[in-house]
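In what follows, a structure is listed as structure tokens, so that the remarks can point back to it.
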Amino acid sequence: MAPMATYQAHETAVIDPGSVIGEGTRIWHFSHIMGGCSIGSNCNIGQNVVVSPGVVLGNGVKVQNNVSIYTGVICEDDVFLGPSCVFTNVSNPRSAVSRKHTYEQTHVGKGASIGANATIVCGHTIGAYAFIGAGAVVTKDVSPYALVAGNPSRQIGWISEYGHRLDFDGEGLAFCPESGEAYRLTDGKVKKVPAGQ
């Protein structure tokens, strides 16, 4: 007798053999989980989502409706993918030219958020806790804790792990208004200050 699935999937979802799905993950209507992908525990996969072979989603990833996650995409833990955001995996696609063996990687760091209808051009890294605004088109790497918006996207500020804009003082120190956690800006990079320092 086969072991019971430790995840939940709506009856309209298609789960191909060879996919790995972690405990507590929920998969909703009309989604397609393809063989060879890996989805962590306690993820939420919304309606009409495609997860392609080779994709890796960490634990606690939330994928909203109508997102296609193509081969080459790796998302670390606690990533948020907003409704209808788009990933690419070939920078010069042609219908008549097969590039299945030259997919470019996109890496999304822990806790990062990608807004609704944003487009992530392949071959880039989005740093931990970065925030990509709705409709943005990302064409280059994004630093950890960076807030970016626009087409093409540009950095417009910094953001805390709780998703609040950070206003740094003259000494390069800022505090999240929700968590009270401190952040330091040094040489164009933001790091969270360990508690008690």
message: His107 - would you say it is outside any loop (DSSP other than H, G, I, E, B), modelled with pLDDT of 95 or more and of a type outside the set (S, T, N, Q)?
response: yes
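Is one or more of the residues making up segment 79-87 over 27 Å from Gly163 (Cα atoms), crowded, with 18+ Cβ neighbours inside 10 Å and of a type in the set (A, V, I, L, M)?
No; the residues of segment 79-87 include none that is over 27 Å from Gly163 (Cα atoms), crowded, with 18+ Cβ neighbours inside 10 Å and of a type in the set (A, V, I, L, M).
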message: Here is a check on your reading of the model: is Asn66 in the same structural domain as Ile21 (by TED's automatic domain parsing), within 24 Å of Ile21 (Cα to Cα) and over 12 Å from the mean Cα position of the chain (by Cα)?
response: yes
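The rows are residues; the columns are (1) out of contact with any Leu (no Cβ under 6 Å at 6 or more places or on another chain); (2) not small (Gly, Ala, Ser).
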residue	(1), (2)
Gln105	yes, yes
Ser113	yes, no
Pro144	yes, yes
Ser153	yes, no
Ser160	no, no
- prompt: Condition test on Gly196, is it small (Gly, Ala, Ser), at pLDDT 95 or above and in a loop (DSSP other than H, G, I, E, B)?
  reply: no
- prompt: If you check Lys100, Lys62, which single one turns out to be at negative phi and modelled with pLDDT under 95?
  reply: Lys100
- line: If we keep only residues of segment 41-57 that are out of contact with any strand residue (DSSP E or B) (no Cβ under 6 Å at 6 or more places or on another chain) and of a type in the set (Gly, Ala, Ser), then the residue surrounded by the most Cβ atoms within 10 Å (Cβ to Cβ) is Ser52
message: So in segment 68-104, with the set limited to residues that are assigned to a loop (DSSP other than H, G, I, E, B) and hydrophobic (A, V, I, L, M, F, W, C), which one is nearest to Phe30 (Cα to Cα)?
response: Cys85
- request: Look through segment 156-194, keep the residues that are more than 18 Å from Ile126 (Cα to Cα) and among the aromatic types (Phe, Trp, Tyr), and return whichever of them is nearest to the chain's Cα centre (by Cα).
  value: Tyr183
- prompt: Which residues, taken from segment 113-146, are aliphatic (A, V, I, L, M), farther than 20 Å from Ser91 by Cα and either free of Cβ contacts under 8 Å to residues at least 12 places away in the same chain or outside any strand (DSSP E or B) (or both)?
  reply: Ala116, Ala128, Ala130, Ala134
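The values are calculated or read from the model by the stated rules, or taken from the named source; none is laboratory data. No experiment lies behind these values; they were computed from the predicted model shown. So basically every Cβ, Gly included, is an ideal-geometry build from the backbone, and we count neighbours across all protein chains shown.
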